[in-house]
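Working notes, beginning with the structure itself.
The values are calculated or read from the model by the stated rules, or taken from the named source; none is laboratory data. Keep in mind it's a predicted model, so treat the numbers as computed, not measured. Ideal geometry is used to build each Cβ from the backbone, glycine not excepted, and the neighbour counts take in all protein chains shown.
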Amino acid sequence: MKDDDLRHLRETIRIARESRDAGNHPFGATLVGPDGAVLLRRGNNYSDDKGVGHAELLVAQEASRLYAPEFLESCTLYTSVEPCCMCAGACYWAGIGTVVYGMTEKRLAVLTAHPDLAGKLAQAKRLTAESTAEQAGAGLDALTDEERVSFTELNEAYTSKFGFPFIIAVRDNDKASIMQAFRRRLGNDRTTEFAEACRQVERIAELRLMDKLGA
């Protein structure tokens, strides 16, 4: 990926943050012309357009009104997350030549499937056996009231900022180091944190596979 691509993707992440802060979903998109100039920038607009207020769709719609298909063929749409089928279709029919995205929808789904640490599922005893044992091993099943409040606040702040739950291989940590990592990683940008969360998912899978193989 080129430096210009990274710069434009970081801009879509900034737009996603603005969208989240405005009460919408944390997604952003830009349209960049052949000379590298940003022509359009839009965030998710769920508050007004509900399920069809996707950033990519809004960019594609406006682009098709403002520019000729021949020009759009030489343009690039940048977006923080892989476009859904609705948005991909809009980009195609608008004639936008290239789409670049920061993370795949499949990988985002893997992250969002993870439960919050010491969250509501754990309190209701609805975690998988593996997750229950792992969280208990790190002492997350025996939190004080103050610690439980801290975890709840951190979970909410993290999910609000990044759009997926905090993930860490708890078997490599204890309660104190998990709390430290939670606070430290809240300072990351979304691209850095997405990569770290994926590494943690891979580490969790590695540890569980080693258990199954008796390694």
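A compact table of results
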{"read-out": "Residues located in segment 39-55, provided they are assigned to a helix (DSSP H, G or I) and crowded, with 24+ Cβ neighbours inside 10 Å", "value": "Ala55"}
{"read-out": "First in segment 183-204 and touching a residue at least 60 places away in the same chain (Cβ under 8 Å) and of a type in the set (Asp, Glu), second anywhere and crowded, with 18+ Cβ neighbours inside 10 Å and in a helix (DSSP H, G or I), Cβ under 9 Å, 6 or more apart", "value": "Asp189/Ile13"}
{"read-out": "Every pair of residues 6+ apart whose Cβ atoms lie under 9 Å, when the first sits in segment 41-53 and is aromatic (Phe, Trp, Tyr) while the second is in a helix (DSSP H, G or I)", "value": "Tyr46/Ser19"}
{"read-out": "Within segment 56-90, tally of residues that are under 27 Å from Thr192 (Cβ atoms) and either in a strand (DSSP E or B) or at pLDDT below 95 (or both)", "value": "11"}
{"read-out": "Residues located in segment 91-104, provided they are in a loop (DSSP other than H, G, I, E, B) and under 23 Å from Phe162 (Cβ atoms)", "value": "Thr104"}
{"read-out": "Count of residues meeting criterion [modelled with pLDDT under 90 and at positive phi] in segment 15-39", "value": "1"}
{"read-out": "Qualifying residue in segment 7-27 (condition: in contact with a helix residue (DSSP H, G or I) (Cβ under 9 Å, 6 or more places away or on another chain), of a type outside the set (A, V, I, L, M, F, W, C), in contact (Cβ under 8 Å) with a residue 60 or more places away in the chain and more than 24 Å from Glu193 (Cβ to Cβ))", "value": "no"}
{"read-out": "Residue in segment 126-140 that is surrounded by 15 or more Cβ atoms within 10 Å (Cβ to Cβ), among the hydroxyl-bearing types (Ser, Thr, Tyr) and modelled with pLDDT under 75 present", "value": "yes"}
{"read-out": "Failed item in (1) in contact with a Cys (Cβ under 9 Å, 6 or more places away or on another chain); (2) surrounded by fewer than 17 Cβ atoms within 10 Å (Cβ to Cβ), with Leu31 passing the rest", "value": "(2)"}
{"read-out": "Residue within segment 166-187 that is among the hydroxyl-bearing types (Ser, Thr, Tyr), modelled with pLDDT of 85 or more and crowded, with 17+ Cβ neighbours inside 10 Å present", "value": "no"}
